[in-house]
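J.: Before we start, here is the structure in question, set down as structure tokens.
The values are calculated or read from the model by the stated rules, or taken from the named source; none is laboratory data. Only a predicted model underlies this, so the values are computations on that prediction, with no experimental measurement involved. Every residue, glycine as well, gets a Cβ built from its backbone with ideal geometry; the counts of neighbours run over all protein chains shown.
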Amino acid sequence: MTPILEIKNLNKRFGGITAVKDFDLQIEKGEIVGLIGPNGAGKTTLFNLITGFLKPDSGTILFKGKNITKLKPHKIANMGLVRTFQLIKPFKRMLAIENVAVGCYSDRFKKEQKADVPQKAFNTLKRVGINPPETFKFASSLSHGYSRRLDIARALVLEPDVLLLDEPFGGLGTKESKLLTPLIKKLQKEDDLTLIIIEHKMRQLMKLAEKLVVMQFGEKIAEGNCKEIANDPKVCEAYLGRGGNGYSS
Amino acid sequence: MTKVNKPKWEFSSKNVIFLLLLILLIGFPLISSGYYILLILIFANVGAVYAASWDLTAGVTGQFSFGQVLFFGIAGYVSGYLNLNYGLSPLLTIPIGGAMGVLAGLIVGLPSLRLKGPYFMIVSLIFPGILSGIIFMYPELTGGETGLYGLSPISDNIVITYYASLFMMLISMFILLKILSSRIGLVFRSIREDPDVAEATGINTTKYKLLAWGISGLFAGIAGGFQTHQLMTINPFVFGAVYSFQAILYAIFGGAGTIIGSVAGSYILTTLNELLRYITDLRAILYAVVMIITFLFLPMGIYRWFAVKFNIELGTWNGLKKLRREPYDPDS
């Protein structure tokens with residue numbers, strides 16, 4: 001089986017800084033991959049490269065066997081490769097349900113599929129746990145936890161094949177994080193999603209991810225399941241430190 | 001769950017107010033058919049369409065331009081030229097002027113795809129200047145400094161001209177408000193809020209931005225063509241920055257992003273401007289004072305204040321109505 005997402009030899013430099021260097025990655029359909037690494041390792045840059053917000057200096061990105069390296073972000077999103085943002089940016093002066101409805105009008109859907117958009121938007125919000133009255137509130141008035149969920153709903157409504165989550169737990173409290181983990185797992189199962197998750201909260205990520213990819217200085221330094229990564233001396237040194245062993249249990 | 005069939009028209013305070021205002025506007029020539037008063041209202045109608053066209057790009061789509069007069073003026077010149085040289089009637093030249101407005105809109109829209117915020121504002125400010133330069137370059141075509149004059153009026157009868165302007169204003173508002181509440185309006189607003197996130201949501205922002213510019217150019221062009229024929233003349237001084245700011249003032253005074261606020265802004269400010277004509281010395285100062293006080297106490301504009309008072313939903317996506325007419329099933 002060909003991988004759903006294949007990154008070959010990707011490079012990106014910002015002036016003198018190499019943000020992503022000779023990066024290779026293969027992701028199979030239905031996988032949940034955690035992408036970790038210290039701050040500034042190039043994780044978000046990698047997301048920006050995959051989703052077309054940045055153009056790589058060299059290398060190719062294949063999605064479902066098609067080269068998407070030079071496509072515009074909306075084209076990539078409409079093919080089913082959708083992302084969320086690290087700093088959540090909801091459409092503030094729009095209602096929560098309007099935020100989600102925008103995606104229903106993208107070119108991902110044919111004309112006849114655009115008929116029952118209100119109900120679809122409503123149901124998608126419900127799936128991520130946003131119910132009335134929050135559904136009809138302005139996005140600016142939602143709490144941080146709800147905003148995170150709204151961002152996921154905004155992406156989810158496009159019925160993605162691959163969903164890139166950029167720090168979905170960022171800024172969430174322990175309680176909210178504990179609720180979000182099973183939600184992401186449930187959504188992944190229901191929609192048969194392939195997930196790539198950037199996250200610093202290892203405890204939550206290890207519950208989700210089957211495979212971890214570790215980046216440092218723009219390079220991939222390790223790849224494997226949680227246990228392998230936690231015991232990898234290179235990773236321990238770069239990222240987890242000595243206490244890292246404890247997280248694998 | 002049982003369907004709740006709401007009547008299409010409700011007897012609510014807001015609907016009554018809108019209806020009364022409409023009747024007042026339609027019946028106004030019966031109350032007073034004075035030339036001067038009707039002329040002011042004609043200017044208010046034209047100004048409303050012009051301001052609403054700016055509101056569609058700036059208030060709704062977030063492409064803040066200082067050069068709206070470009071579309072207004074270019075359409076005025078084109079319709080004036082066709083009328084003067086080919087004897088076409090205003091009924092034909094105004095739509096052709098509108099089409100020119102669309103073209104100009106698409107041209108101005110191009111830099112807005114690359115430039116953001118203040119950078120685009122500066123560029124948009126330059127466009128009308130370029131056009132007035134071109135007009136001075138070809139005086140045999142454009143009449144140079146004196147411009148075009150002796151054009152056919154909309155009608156010799158001021159009452160008919162008034163009704164024509166009212167008709168134009170109501171039709172334009174109807175179309176623009178339909179766009180605002182449609183899926184296109186929803187996408188426009190998402191681009192205003194964050195073009196990058198809209199792009200990540202699969203929206204072709206390039207296409208929609210240009211669409212907004214095209215529509216904006218169309219309505220500004222229609223307003224420009226109408227005004228040119230109504231005044232029977234146009235000269236290059238129309239491209240001054242003052243006329244661009246006029247659209248911005250009307251729209252923001254009425255409530256940017258609401259479209260219909262432009263009508264309120266245009267009517268109030270045009271009337272105010274004429275009322276202050278009696279106090280020549282202090283006119284500009286008083287006009288500014290009214291502005292400052294309004295923006296201080298109603299920063300979101302007159303219409304938003306009105307909407308809050310009478311519980312009107314602003315620029316709401318029409319999909320919500322569908323959802324509320326057929327209430328969601330909490331158990332499904």
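Let's see how each residue does on (1) crowded, with 17+ Cβ neighbours inside 10 Å; (2) touching an Asp or Glu at 6+ places or on another chain (Cβ under 9 Å); (3) acidic (Asp, Glu):
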{"site": "B:LYS209", "(1), (2), (3)": "yes, no, no"}
{"site": "B:ILE215", "(1), (2), (3)": "yes, no, no"}
{"site": "B:ALA247", "(1), (2), (3)": "yes, yes, no"}
{"site": "B:GLY254", "(1), (2), (3)": "yes, yes, no"}
{"site": "B:LEU269", "(1), (2), (3)": "yes, no, no"}
{"site": "B:LEU275", "(1), (2), (3)": "no, no, no"}
{"site": "B:THR280", "(1), (2), (3)": "no, no, no"}
{"site": "B:ARG283", "(1), (2), (3)": "no, no, no"}
{"site": "B:LEU286", "(1), (2), (3)": "no, no, no"}
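J.: Counting residues that are in contact with a helix residue (DSSP H, G or I) (Cβ under 8 Å, 6 or more places away or on another chain) and closer than 21 Å to B:LYS207 by Cα, which helices (runs of 4 or more DSSP H) fully inside region A:46-154 reach at least 3?
T.: Values: elements: A:73-79, A:96-104, A:117-127.
It comes to A:73-79, A:96-104.
J.: Another question, then. In this structure, does B:THR161 turn out to be outside any loop (DSSP other than H, G, I, E, B), among the polar types (S, T, N, Q) and within 14 Å of chain A (Cβ to nearest Cβ)?
T.: Working: outside any loop (DSSP other than H, G, I, E, B): yes; among the polar types (S, T, N, Q): yes; within 14 Å of chain A (Cβ to nearest Cβ): no.
For B:THR161, the condition - outside any loop (DSSP other than H, G, I, E, B), among the polar types (S, T, N, Q) and within 14 Å of chain A (Cβ to nearest Cβ) - is not met.
J.: Might you let me know whether region B:69-77 holds any residue that is among the aliphatic types (A, V, I, L, M) and without any contact (Cβ under 8 Å) to a residue 24 or more places away in the chain? Write out each step before concluding.
T.: Quick first cut of region B:69-77, residues among the aliphatic types (A, V, I, L, M) only: B:69-70, B:74-75.
Checking the rest, the ones that are also without any contact (Cβ under 8 Å) to a residue 24 or more places away in the chain come to none.
There is no residue in region B:69-77 that is among the aliphatic types (A, V, I, L, M) and without any contact (Cβ under 8 Å) to a residue 24 or more places away in the chain.
J.: I'd like the residue in region B:180-191 that is assigned to a helix (DSSP H, G or I) and surrounded by fewer than 23 Cβ atoms within 10 Å (Cβ to Cβ) and, out of all such residues, is farthest from the other protein chains (Cβ to nearest Cβ). It would help to see each step written out before you state the result.
T.: Just the residues of region B:180-191 that are assigned to a helix (DSSP H, G or I), to begin with: B:180-181, B:183-191.
Then drop every residue that is not surrounded by fewer than 23 Cβ atoms within 10 Å (Cβ to Cβ), which leaves B:181, B:183-184.
On the way: B:SER181: 11, B:ARG183: 5, B:ILE184: 8 Å.
Filtering region B:180-191 for residues that are assigned to a helix (DSSP H, G or I) and surrounded by fewer than 23 Cβ atoms within 10 Å (Cβ to Cβ), the one farthest from the other protein chains (Cβ to nearest Cβ) comes out as B:SER181.
J.: I'd like the full set of residues that are in a loop (DSSP other than H, G, I, E, B) and either under 27 Å from B:GLU193 (Cβ atoms) or not small (Gly, Ala, Ser) (or both), limited to region B:114-152.
T.: Within region B:114-152, the subset in a loop (DSSP other than H, G, I, E, B) is B:115-116, B:138, B:143-147, B:150-152.
Within region B:114-152, B:LEU115, B:LYS116, B:TYR138, B:GLU145, B:THR146, B:LEU151 meet the criteria.
J.: Hey, can you tell me all the residues within region A:1-51 that are in contact with a Leu (Cβ under 9 Å, 6 or more places away or on another chain) and hydroxyl-bearing (Ser, Thr, Tyr)?
T.: Within region A:1-51, A:THR2, A:THR45, A:THR51 qualify.
J.: Six or more apart or on different chains, Cβ under 7 Å: which pairs go from a residue in region B:89-111 that's more than 19 Å from B:PHE239 (Cα to Cα) and modelled with pLDDT under 95 to one that's outside any helix (DSSP H, G or I) and not aliphatic (A, V, I, L, M)? Could you list them?
T.: B:SER89/B:SER152; B:PRO90/B:SER152
J.: Which numbered condition trips up A:ALA155, out of (1) in contact (Cβ under 8 Å) with a residue 24 or more places away in the chain; (2) within 13 Å of chain B (Cβ to nearest Cβ); (3) more than 26 Å from A:GLU28 (Cβ to Cβ)?
T.: Here A:ALA155 meets the rest and fails (3).
J.: With region A:165-236 as the region, which helices (runs of 4 or more DSSP H) entirely inside it contain at least 1 residues that are in contact with an Asp or Glu (Cβ under 8 Å, 6 or more places away or on another chain) and at pLDDT 90 or above? Quick ask: steps written out before the conclusion?
T.: Numbers: elements: A:174-191, A:202-208, A:226-231.
Helices (runs of 4 or more DSSP H) meeting the threshold: A:174-191, A:202-208.
J.: Filtering region B:192-207 down to residues that are out of contact with any helix residue (DSSP H, G or I) (no Cβ under 6 Å at 6 or more places or on another chain) and surrounded by fewer than 19 Cβ atoms within 10 Å (Cβ to Cβ), which residue is farthest from the other protein chains (Cβ to nearest Cβ)?
T.: The qualifying residue farthest from the other protein chains (Cβ to nearest Cβ) is B:LYS207.
J.: Kindly list, by first and then second residue, each pair from a residue in region A:106-117 that is within 7 Å of another protein chain (Cβ to nearest Cβ) and free of Cβ contacts under 8 Å to residues at least 60 places away in the same chain to a residue that is surrounded by 11 or more Cβ atoms within 10 Å (Cβ to Cβ) and assigned to a loop (DSSP other than H, G, I, E, B), limited to pairs with Cβ atoms under 6 Å and residues at least 6 apart or on different chains.
T.: Within 6 Å, the pairs are A:SER106/B:GLY202; A:SER106/B:ILE203; A:ARG108/A:LEU158; A:ARG108/B:GLY202.
J.: So, one more: Within region B:286-295, does at least one residue satisfy the condition of being more than 30 Å from A:GLU134 (Cβ to Cβ), hydroxyl-bearing (Ser, Thr, Tyr) and touching a residue at least 24 places away in the same chain (Cβ under 8 Å)? Outline the logic, then answer.
T.: At the first step, the residues of region B:286-295 found to be more than 30 Å from A:GLU134 (Cβ to Cβ) are B:286-295.
Next cut, hydroxyl-bearing (Ser, Thr, Tyr) only: B:287, B:294.
Filter once more, so that each one left must be touching a residue at least 24 places away in the same chain (Cβ under 8 Å): B:294.
Yes, there is a match, as at least one residue in region B:286-295 is more than 30 Å from A:GLU134 (Cβ to Cβ), hydroxyl-bearing (Ser, Thr, Tyr) and touching a residue at least 24 places away in the same chain (Cβ under 8 Å).
J.: Considering only residues that are surrounded by fewer than 24 Cβ atoms within 10 Å (Cβ to Cβ) and of a type in the set (Ser, Thr, Tyr), look in region B:226-243 and name the one that is modelled with the highest pLDDT.
T.: Filtering first and then ranking leaves B:THR233.
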